[in-house]
Amino acid sequence: MVCEIPCRMDCVVSEWTAWSSCSQSCSNKNSDGKQTRSRTILALAGEGGKPCPPSQALHEYRSCNDHSCMQLHWETSPWGPCSEDTLVTALNATIGWNGEATCGVGIQTRKVFCVKSHVGQVMSKRCPDSTRPETVRPCLLPCKKDCTVTSFSEWTPCPRLCQSGNATIKQSRYRIVIQEAANGGQGCPDTLFEERECEDISLCPMYRWKPQKWSPCILVPEAVRQGIMGTGEACGKGVQTRAVSCVSDDNQSSEMTECLKQTKSMPPLVQECTVPCRDDCTFTAWSKFTPCSTNCETTRSRRRQITGKSRKKEKCQDADLYPLVETELCPCDVFISQPYGNWSDCILPEGRREPQRGLRVQGDSKECGEGVRFRAIACSDQNGRPVEPSRCSSSGFIQEECVIPCPFDCKLSDWSSWGSCSSSCGIGVRLRSKWLKEKPYNGGRPCPKLDLKNQAQVHEAVPCYSECDQYSWVVEHWSPCKIHNELRSLRCGGGTQSRKIRCVNTADSEGRTVDNSLCNQEEMPPETQSCSLLCPSECVMSEWGPWSKCTQSCDPHTMQRRTRHLLRPSLSSRTCAEDSQVRPCLLNENCFQFQYNLTEWSTCQLSENATCGQGVRTRLLSCVRSDGKPVGMDQCEERHLEKPQRMSVHCLVECVVNCQLSGWTAWTECSQTCGHGGRMSRTRFIVMPTQGEGRSCPTELTQQKTCPVTPCYSWVLGNWSACRLEGGDCGEGVQSRSLFCVVHNGSISNSAVRVDDALCKEMPFQDGILKQLCSVPCPGDCHLTEWSEWSTCELTCIDGRSFEMMGRQSRSRTYIIQSFENQDSCPQPVLETRPCTGGKCYHYTWKASLWSNNERTVWCQRSDGINVTGGCSPQARPAAIRQCNPACRKPFSYCTQGGVCGCEKGYTEIMRSNGFLDYCMKVPGSEDKKAHVKNLPGKNRPVNSKIHDIFKGWYLQPLDPDGRVKIWVYGVSGGGFLIMIFLVFTSYLVCKKPKPHQSTPPQQKPLTLAYDGDLDM
């Protein structure tokens, strides 16, 4: 290649730039495509040097894209669904897929059209075959999945025993969906729940009592013996009997037990009767009652007459004993109804049934709309007595219309079109969405999770990829350097030069200019730059060459280098500028690393027009620079980085299935046979639960309504009468009570009203229940009380925990003694226990009152606050009387409230060094007060029991109860001592011989008595 090196004074011109892009993608009649390149003057020529070329020689042009602009191109339709094709059998064995379980490889086809710009579709032969797109491609065939259901369960059993009445007994069975149909598989069957009537259900035969006529009245033998009838006549009270047999509906004789099973009681076989005596009053039968008017407060009456000889008897004329007219209130047909209980749930009309299989058709059973709700009534007569509710209402209910609001599902708009890719370079996301049009209410199908900001539900998001060089900057050549120097003589020095830049779409075959905002603004080339035109005497260097490449690890110890060379030496001795530069390889500054980046999985993409079933989720791959900037895939491919293999997976969009319910069952029998509080209910079952975003199942699966209040008739026992004795004031006797029928509303209380005994069923009590023996204790007898109430159930517990399932409760009875002298002959109190359930754990604690005079009350208390006898540990019982330790045995000492020994009033304590009392010393002047201490501590002073034993039988007691010597004992002792001295002195005078000279007797000392407080003197 020929090159030219400029001399010292020659003009220096740069190298030619690269050819620009073609100005047109094709040529037409008016213009052809052109490319340009240019060079610039680097240094002016000096005197005698080679001059610079003219401006025309600094630019060159050439033609490009000289083919005709006949704009023909191929267009394609969307790919069709994946279908089976026998031609791709060989392909199935050769194409490798992602290891997903599929049913082979199918094909997708599309149509290809040749289109002329601004004209439309033309014949295919006018477009080049070399660029013709593919019309067939392989695809994965998803497996067809048929609906899978379990086998029907066994029929629910029919009752084995016979059934009474005409009740229809049904049995049912069901099956469950295990897997929904997918990919065009066979759908699920419509019938998942079946009902049918039980066959061969035998009706229980009905039995009834068939009583015969009563026999003639037979006198009681005891009555005959007691002679209650007149002389020679048979009359008085007797009995009559009848036979009762059990017969079936067809009047066939049956076992008595069959009737007892159904009626529970047998008609009476014996009843009292009376054979009138001669002296008895006889009457005609009572006439019928007179008719009643419409007024409920009127009365009616009936009459009878005296017959035969009774008309002449005076006693039969007594109207008080034998009334001839009976009057009573007329039966009142005015009844009062009152609503009872709450309104029932709103009950909709029943759905129809399939006539063939007896299965409830859920689609015909309404879940909303107009219905009826019921409220029971309690019916009573004008006296407040409960009567049958049919007297007030034929159904026993009052009813009113109600409405169950229909559910409205969430409504969304149609799909929006796919949005543009969120990134103009690298990986982004394309979205399409639905907008909320109407919120759900009344239990309608809920909305998917919505974006609360804009109320849009992003239904599908797919990754997208935009080539990073799709839009690029195109620059034109720099203009000549414009010198800033104002002196026109100087044509060299610093200046500026400019160029035009534009953003073009590289994906467009014509390379049309687009808006500058689509190109990367950070990479926007400068439109102006500084330049310099070197003077003739200056050194001229070439442009810098490219930097050398860094290693892939971007080691900072590795250097980059670039060079340039000398184009023209300087005329002066000055050296030229450097011809090489180095710099370290710094990560994310002049050195970059690259890696593949994976997007998140897309939403499940279904085939065209599909709303649920199997689809595909995809993800995309991009190349990212270490500073986070997306770059072209070629950057990662040049470095042979490992690519992820799995870019798509199968997915399943669950199909929407609304909740399916069975029909309502029949109403149950009332929970109460009579009275208030009864309820009846009906239920339904979930046959198929909700799937996907289907309508959820209702919470109400059971409906209830209150039963009409029917009157209850019960036998009630009266209280026991006083004990009746025969001929005495004490001893054994008999007490009785009455039995009568009452009507009530389910609880026998003060509101119960007595009615005719015939309204109650057979009397449930024996005669022994109405009478019992009793006793009135005589003086000196032991009388046993009634049993106490059973105590609460109690468990044996350790630290508040019980280890037994059954508890115990007890009751007791004791004897009341009327004569205290006979207490030893009465037995001990009786205690009974029995097991019970539901017991509680109790703990027991000793409680004590405050001390008062060294005494206090001590009792045992249960954890529920009840004071009890027993339960607390006897060993842990606190003392009820406080005593000093050691005991107070010193004279005039006693135990104080503080629990130490003190002295009585009038004495002071002399204490030992160990703090205990040594003795009590008398306080002078307090002698007259010491014998009148009457407080409680004085009772606790210790006394000498031996001295008390010595004087126990004496009439005069020398000691006080508190152990002190009485005052008269001191007087007697002193008097006796003086008498003894007197006797000794007298004996001395009598026995003494007379002396001639009698001297004066010596003066004697007076005798004093000293008492040191000791009792041993």
* Asked: Among (1) without any contact (Cβ under 8 Å) to a residue 60 or more places away in the chain; (2) under 28 Å from Pro584 (Cα atoms); (3) surrounded by 14 or more Cβ atoms within 10 Å (Cβ to Cβ), where does Asn520 come up short?
  -> (1)
* in contact with a Ser or Thr (Cβ under 8 Å, 6 or more places away or on another chain), part of a loop (DSSP other than H, G, I, E, B) and at pLDDT below 85 - does that describe any residue in the stretch 364-371? -> no
* Structure fact -> Considering the stretch 161-182, residues that are hydroxyl-bearing (Ser, Thr, Tyr) and part of a loop (DSSP other than H, G, I, E, B), and then whichever is farthest from the chain's Cα centre (by Cα), we arrive at Ser164
* **Those residues of the stretch 796-816 which are closer than 30 Å to Asp781 by Cβ and either among the acidic types (Asp, Glu) or assigned to a strand (DSSP E or B) (or both), in sequence order** => Ser810, Arg811, Ser812, Arg813, Tyr815, Ile816
* Which condition number does Trp209 fail, the rest of (1) assigned to a loop (DSSP other than H, G, I, E, B); (2) touching a helix residue (DSSP H, G or I) at 6+ places or on another chain (Cβ under 7 Å) being met? -> (1)
* Asked: How do the strands (runs of 3 or more DSSP E) wholly within the stretch 538-640 filter down when requiring 2 or more residues that are touching a Cys at 6+ places or on another chain (Cβ under 9 Å) and either at pLDDT 85 or above or under 30 Å from Gly426 (Cβ atoms) (or both): which remain?
  -> 559-563, 594-598, 613-618, 621-625
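Could you grab me the full set of residues in the stretch 17-51 that are in a loop (DSSP other than H, G, I, E, B), of a type in the set (S, T, N, Q) and modelled with pLDDT of 80 or more?
Selection gives Thr17, Ser20, Thr40.
Please verify whether Thr290 is in a strand (DSSP E or B) and among the β-branched types (Val, Ile, Thr), treating the condition exactly as stated.
No: the conditions fail for Thr290.
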* **Residue pairs meeting the criteria (Cβ under 7 Å; at least 6 apart or on separate chains; first farther than 30 Å from Cys895 by Cβ, in the stretch 833-854; second small (Gly, Ala, Ser) and exposed (fewer than 11 other Cβ atoms within 10 Å of the Cβ))** => Cys841/Gly800; His843/Gly800
* So which residues in the stretch 528-550 are farther than 29 Å from Gly48 by Cα and in contact (Cβ under 8 Å) with a residue 40 or more places away in the chain, if there are any at all? -> Gln529, Trp547, Cys550
* Asked: Out of the stretch 74-127, which residues are out of contact with any strand residue (DSSP E or B) (no Cβ under 8 Å at 6 or more places or on another chain), modelled with pLDDT under 55 and either assigned to a helix (DSSP H, G or I) or of a type in the set (Phe, Trp, Tyr) (or both)?
  -> Thr89, Ala90, Ala93, Thr94
* Could you list, in sequence order, all residues of the stretch 887-898 that are in a loop (DSSP other than H, G, I, E, B) and either touching a residue at least 40 places away in the same chain (Cβ under 8 Å) or touching a strand residue (DSSP E or B) at 6+ places or on another chain (Cβ under 8 Å) (or both)? => Ala887, Cys888, Arg889, Lys890, Pro891, Phe892, Thr896, Gln897
* Structure fact -> Restricted to the stretch 882-921 and to residues being farther than 24 Å from Val858 by Cα and polar (S, T, N, Q), the residue nearest to the chain's Cα centre (by Cα) is Asn914
* Could you check how many residues of the stretch 38-66 are among the charged types (D, E, K, R) and buried (at least 16 other Cβ atoms within 10 Å of the Cβ)? => 1
* Structure fact -> Per the filter on the stretch 295-345, residues under 30 Å from Val387 (Cβ atoms), over 60 Å from the mean Cα position of the chain (by Cα) and not hydrophobic (A, V, I, L, M, F, W, C) are Thr298, Thr299, Arg300, Ser301, Arg302, Arg303, Pro323, Glu326, Thr327, Glu328
* Mind listing just one residue for me: the one in the stretch 183-236 that is exposed (fewer than 11 other Cβ atoms within 10 Å of the Cβ) and among the hydroxyl-bearing types (Ser, Thr, Tyr) and, of those, modelled with the highest pLDDT? => Ser202
* To do: Look through the stretch 612-666, keep the residues that are of a type in the set (Gly, Ala, Ser) and in contact (Cβ under 8 Å) with a residue 24 or more places away in the chain, and return whichever of them is farthest from Pro463 (Cα to Cα).
  => Gly663
* Of the residues in the stretch 792-826, how many are among the small types (Gly, Ala, Ser), modelled with pLDDT of 80 or more and exposed (fewer than 15 other Cβ atoms within 10 Å of the Cβ)? -> 2
* Asked: Listed residues Lys761, Lys705; which is farther than 30 Å from Leu784 by Cα, within 41 Å of the chain's Cα centre (by Cα) and of a type in the set (D, E, K, R)?
  -> Lys705
* Asked: On the given criteria, is Arg311 surrounded by 15 or more Cβ atoms within 10 Å (Cβ to Cβ), outside the structural domain of Lys237 (by TED's automatic domain parsing) and at pLDDT 75 or above?
  -> no
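If you go through the stretch 136-160 one residue at a time, how many are part of a loop (DSSP other than H, G, I, E, B) and either among the charged types (D, E, K, R) or at pLDDT 80 or above (or both)? Let's see the steps before the verdict.
Taking the stretch 136-160 first, the residues part of a loop (DSSP other than H, G, I, E, B) are 141-144, 146-147, 150-160.
Narrowing further to those that are either among the charged types (D, E, K, R) or at pLDDT 80 or above (or both): 144, 146-147, 150-160.
Matching residues across the stretch 136-160 total 14.
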* To do: Please specify each residue of the stretch 419-435 satisfying the condition of being touching a Leu at 6+ places or on another chain (Cβ under 7 Å) and crowded, with 18+ Cβ neighbours inside 10 Å.
  => Ile427, Lys434
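The values are calculated or read from the model by the stated rules, or taken from the named source; none is laboratory data. This one's a predicted model, so the numbers in the text were calculated from it and none came from an experiment. So basically every Cβ, Gly included, is an ideal-geometry build from the backbone, and we count neighbours across all protein chains shown.
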